[in-house]
Amino acid sequence: MEKNSFCAFLRGVNVKGTNMKMAEVCSVFEKAGMENVSSVLASGNILFISGESRDKLKVLLERAMSEHFDYDAFLFLKDKSEVEVIINQCPFEADAGFHIYGFVGIDGIEKTLMSEFEKSGKATGEEAKIIANNFYWRVPKGDTHLSDFGKILGRKNLKNSFTSRNLNTFEKVLKKM
């Protein structure tokens, strides 16, 4: 059985009272049968190797995390080539005044996110684009959680559909993959 490297991007880790130590999260992944488990930053980016299918891994790991930490776990899996695409296809230039976020989630979530973005009020320079089925958001630093779109991202009805990371986080993940 061929084994693949993945990054699990966990939703809602170390925000709003869901506090986890990454060493403990890695232990949960190891107990679930994952190999070469490590974390990148404290925001729930877990690298591992497995021979299981992506669909099976998602179910297995969400269940293991939910049971261990007693919360509704949601995670989204990307392999190295998919993380490379997120970084390489980013439509926005780095700018010290802005954060750039990439989103990972269920199939088609980029269209839902764009629809919500188009309906929301925007800060000066705030933009969103879809490239290669990936949603990207550029927002002025300091406005992330204050922006209309930033508030939409926290809606409970979307929590099982996506998570986001600053583009710098994707770059750190890729370096360790």
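Only the coordinates and a few stated rules stand behind these numbers; no lab work does. This one's a predicted model, so the numbers in the text were calculated from it and none came from an experiment. For neighbour counting, all protein chains shown are included, and Cβ atoms are generated from backbone atoms with ideal geometry for every residue, glycine included.
Once phi is turned into θ = phi - 60°, what whole-Hz ³J(HN,Hα) does the Karplus curve with 6.51, -1.76 and 1.60 give for every residue of region 96-103, x standing for Gly and Pro?
Ordered by residue, 3J(HN,Hα) equals 4, x, 10, 9, 10, 10, x, 10 Hz.
Angle between the Cα long axis of helix 109-119 and the longest principal axis of the chain, 0 to 90 degrees, nearest 10?
With rounding to tens, the tilt is 30 degrees.
Tell me, what is a quarter of the convex hull surface for the C-alpha atoms of the chain, in nm² with one decimal?
Averaged projected hull area, Cα only: 9.9 nm².
About the Cα centre of region 48-129, how large is the charge dipole given +1 on each Lys and Arg Cβ and -1 on each Asp and Glu Cβ? Please answer in debye to the nearest 20.
With Lys and Arg at +1 and Asp and Glu at -1, about 120 debye.
Go ahead and collect, in residue order, the members of region 39-77 whose backbone nitrogen is under 16 Å from a label point 7 Å along the Cα-Cβ direction of S27.
The answer is 39, 64-70, whose backbone nitrogens lie closer than 16 Å to the label point.
Is there a quick way to get the dipole size of region 4-81? I mean about its Cα centre, with the Cβ of Lys and Arg at +1 and of Asp and Glu at -1; what is the value in debye to the nearest 20?
In debye, rounded to 20, region 4-81 gives about 220.
Starting from the Cα-Cα distance between D148 and I87, subtract it from 0.36 nm times their residue separation and give me the gain in nm to one decimal.
Extra length available between D148 and I87 comes to 19.5 nm.
Would you look at the GNM of the chain, springs on alpha carbons closer than 10 Å, and say which of F103, F69, F117 moves the most?
Its mean-square fluctuation being the largest, the pick is F69.
Using the basic label-point model (7 angstrom from Cα toward the beta carbon), what is the S120 to E35 distance in nanometres?
Each label point is offset 7 Å from its Cα along the Cβ direction, giving 4.1 nm.
Along Cα→Cβ, 7 Å out, is where each label goes; now give me the distance between the ones at F69 and N133 in nm to one decimal.
Going by the 7 Å Cα→Cβ label model, 2.6 nm.
Residue by residue through region 124-135, which ³J(HN,Hα) values in whole Hz follow from phi under the Karplus form 6.51 cos²θ - 1.76 cosθ + 1.60 (θ = phi - 60°), with glycine and proline marked x?
Couplings: 4, x, 6, 9, 9, 8, 10, 10, 6, 6, 10, 9 Hz.
From the backbone phi of region 142-156, what are the Karplus-calculated ³J(HN,Hα) couplings (6.51 cos²θ - 1.76 cosθ + 1.60, θ = phi - 60°) in whole Hz, Gly and Pro given as x?
Running phi through 6.51 cos²θ - 1.76 cosθ + 1.60 with θ = phi - 60° gives x, 9, 3, 8, 8, 5, 4, 5, x, 5, 4, 4, x, 4, 4 Hz.
Can you tell me the order of 43-49, 140-146, 70-76, 91-97 when each peptide is scored by its average per-residue count of other Cβ atoms within 10 angstrom, highest first?
Result, highest mean Cβ count within 10 Å first: 43-49, 70-76, 140-146, 91-97.
Once both labels are modelled 7 Å past Cα along the beta-carbon direction, what's the K141-K58 spacing in nm?
3.5
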